[in-house]
Amino acid sequence: MEECSTGALVPAVKPEPKLSSVEASADPGSNDMDRPAHEKGLTEVDKDLLCPICMQLVKDAFLTACGHSFCYMCIITHLRNKSDCPCCAQFLSTNQLFPNFLLDKLLKKASARQISKSASPVEHFRQALQQGCEVSIKELDTLLTLLVEKKRKMEQEEAERNMQILLDFLNCLRKQKVEELNEVQTHLQFIKEDIGAVERRRMDLYRARDRYSVKLRMLGGDDSISGARKSWPSSIDNNTSSLSGRAGMSSWNLQSKKLDGWGLQKKDALSASDSQYMTQSGLAVARKKRVHAQFDELQECYLQKRRQMANQPYTQQEREKNVIQREGYTTGLADFQSVLTTLTRYSRMRVIAELRHGDLFHPANIVSSIEFDRDYELFATAGVSRCIKVFDFSSVVNDPADVHCPVVEMPTRSKLSCLSWNKFTKNHIASTDYEGIVTVWDVNTRQSVMEYEEHEKRAWSVDFSCTEPTRLVSGSDDCKVKVWCTRQESSVLDIDMKANICCVKYNPGSSNCIAVGSADHHIHYYDLRNPSQPLHVFTGHKKAVSYVKFLSNYELASASTDSTLRLWNVKENIPVRTFKGHTNEKNFVGLTVNGEYIACGSETNEVFVYHKEISKPVTWHRFGSPDLDDTDDDAGSYFISAVCWKSDSPTMLTANSQGTIKVLVLAA
């Protein structure tokens, strides 16, 4: 599928209009600010000294035959366009202009007086010396001594200011470092406490393991040895009673062989134990490598959880839920151990089943949506092939056949974009198509139960409520979100938005709250009881939001064509984390979540899996086809188009634009 359009552009803020030169000159405030001080003084003394044309101090004054004075350039420019006086409108030509020497002299004297009034004492002294003022040597010595002392004082003050600036900087730096030191000391205290708690728990586990090992040796060893010992005298007695000495000798040889056999069995058991130990040791090393690979992210995760839940031990109810009591364990440490365990448990994805959605070389094989039913026994696929196919999951996984036939096929009129199973009625599934039709199907009868045709353009997404079995919501390119009831033939609620709707999703804990991903790059979180405005708008994506999925009642994951996933807290309305690693710039590549993991597709024909606490991918799997060479030009054009976890298990359904469906499972 191609990316939906970006919709209406956000209107830009208009800049404030700038004043023109004429307006700027007419503004007395701005004019006074731009003028030199002596010109402002002259203006205050006599406004008649201003040129009537430019309203500035007259420069190169020229007098007209009618008795008015102007700047030379001003009056010459005026006479090029008109032949009259700007003041009295009498006829005037350039031949009737004469230099006004008297006005120039007056202006120079007035300017000099104004400058002298505003000049500093040093400037007065400099002017006096330039004009030949006689000063004695004694007076000069006094002035020089005064200037030297003044200079020293100014240098001292400057040095004091510099020292104060340096002192302020050092104090600020010390404060910052003390805060960092306090934070580090707090972190070290956390680590020290947790190391003690973990060491105590570790010793308890070692002691328990030793006790179990001794018991197992006693139980297993005593039975084997006692059984062997019991068999010895009976065999000896039988042999000695029926045979001669030679026969008795043979009997002893036979018993020796039996003992040797028992010894070999014991050696085999020990070698198997050693092999198992080596395997476990190898897994431990591999898990340590995964920890080091994500060390920075894990460090931040640990400190964040420890800060948030410092000194908050388990409640009694939480302790009762735990089989193993953990002395000294804080909630933060326990949460982090859970993250560390789940993160390092898996390192790859393994294919356990594969099937074809259609003809391998047929261009219309894109699987747009793949979803499990209520009980995770069936899964349905849909796409551009205009057909909903329902498969039995156990048959697909357990049957080694190359071709798997669907248990149900339901043809549709148009290409399909999304599927959603009813969380209560097992045999009901909803679909949206490229014509904007929302359909509810009965899988048992293979017939449509309801058809809604109110959307005016392609509908991208549909979702059944997890708490209200009759409610479903859909979003479309017509910029509308519609809420439907399976008992009514028309929508029960409409929300008009300003951009194309790419995805909608009900909050699993409420039938009133929905998340809407839009082409305006935002996620709008609505309470359907007040649809006039969203509860919150989550911003951060740089392109269209293609998917939204809830991990829990307050955790929301989103995918965008800016090649990122984001995690949000809809309870506190804050962003939590950004996930990067996959490539997604134009296609819908799928998004699926379970309790701990987030998975999505990539335009590199790969499936990526992220842990919700770590921003980098945990593992990924590249789709490959035995029928296509990876060097083929067409091989690079395929992309992952749909993904779906099987509940909270490590098993996942994946599909790509080639029509290949794989069942993947996370593996160590």
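The values are calculated or read from the model by the stated rules, or taken from the named source; none is laboratory data. As the structure is a prediction and not an experimental result, all values here were calculated from the model. All Cβ positions, even for glycine, are placed from backbone atoms using ideal geometry, and neighbour counts span all protein chains on display. Please note that ligands, DNA and RNA were not included when accessible areas were found on the heavy atoms of the full protein model with its side chains. Shrake-Rupley method; radii C 1.70, N 1.55, O 1.52, S 1.80 Å.
Could you give the length gained by full extension between R152 and S118, i.e. 0.36 nm per residue of separation minus their alpha carbon distance, to one decimal place? It would help to have the intermediate numbers written out before the result.
Numbers: separation 34, 0.36 × 34 = 12.24 nm, distance 2.66 nm.
Full-extension gain reported as 9.6 nm.
Over segment 503-609, what relative contact order in percent results from Cα pairs under 8 Å that are six or more residues apart?
Working: 259 pairs, mean separation 18.6, N = 107.
Over segment 503-609, the number comes to 17 percent.
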(message) Around K426, under 11 Å between beta carbons, what's the net of Lys plus Arg minus Asp minus Glu among the other residues?
(response) -2
(request) Can you sort M203, M497 by 1.4 Å-probe accessible area, starting with the largest? (result) M203, M497
(message) Please list, in order along segment 94-100, the HN-Hα scalar couplings obtained from phi with the Karplus expression 6.51 cos²θ - 1.76 cosθ + 1.60 (θ = phi - 60°), rounded to whole Hz, x for Gly and Pro.
(response) 5, 6, 9, 9, 9, x, 9
(message) With the crude spin-label approximation of a point 7 Å out along Cα→Cβ, what separation in nm comes out for K426 versus I352?
(response) 2.1 nm
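On average, how much accessible surface per residue is there in segment 542-668, in Å², for a 1.4 Å probe, leaving out ligands, DNA and RNA?
Working: 4390 Å² over 127 residues.
Result: 35 Å² per residue.
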(request) Take the cross-link list K59/K117; K289/K543; K47/K109; K549/K571 and give me the ones stretching past 25 Å between alpha-carbons. (result) K289/K543
(message) For segment 397-508, what is the number of Lys pairs with C-alpha distance below 22 angstrom, counting only pairs 8 or more positions apart or on separate chains?
(response) 15
(message) With a 1.4 Å probe and all protein chains kept in place, how do H124, H428 rank by accessible area, largest first?
(response) H124, H428
(request) Search the structure for amide H atoms under 5 Å from the amide H of L92, placed 1.01 Å from N in the peptide plane, and list their residues when 5 or more places away or on another chain. (result) D84, C85
(request) Can you send over the carbon and sulfur percentage of the accessible area for segment 35-182, probe radius 1.4 Å, protein chains only? (result) 59 percent
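On average, how much accessible surface per residue is there in segment 152-192, in Å², for a 1.4 Å probe, leaving out ligands, DNA and RNA?
Ligands and nucleic acids excluded, the figure is 90 Å² per residue.
Roughly what % of Cα-Cα distances in segment 496-614 sit above 24 Å, to the whole percent?
Working: 1312 of 7021 pairs.
Distances greater than 24 Å cover 19 percent of the Cα pairs.
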(message) Through the Karplus equation 6.51 cos²θ - 1.76 cosθ + 1.60, θ set to phi - 60°, convert the phi angles of segment 339-352 into ³J(HN,Hα) values in whole Hz; use x for Gly and Pro.
(response) 4, 4, 5, 5, 5, 8, 5, 10, 9, 7, 10, 10, 7, 10
(message) Through the Karplus equation 6.51 cos²θ - 1.76 cosθ + 1.60, θ set to phi - 60°, convert the phi angles of segment 143-155 into ³J(HN,Hα) values in whole Hz; use x for Gly and Pro.
(response) 5, 5, 4, 4, 5, 4, 5, 4, 5, 4, 4, 5, 5
(request) Keeping the other protein chains in place, figure out the carbon and sulfur percent of the accessible area of segment 464-539, with a 1.4 Å probe. (result) 41 percent
(request) On the full set of protein chains, 1.4 Å probe, figure out the accessible area of F608 and give it in Å² to the nearest 10. (result) 10 Å²
(request) For every other residue with a beta carbon closer than 15 angstrom to the beta carbon of V570, add +1 if it is Lys or Arg and -1 if Asp or Glu, then tell me the sum. (result) +3
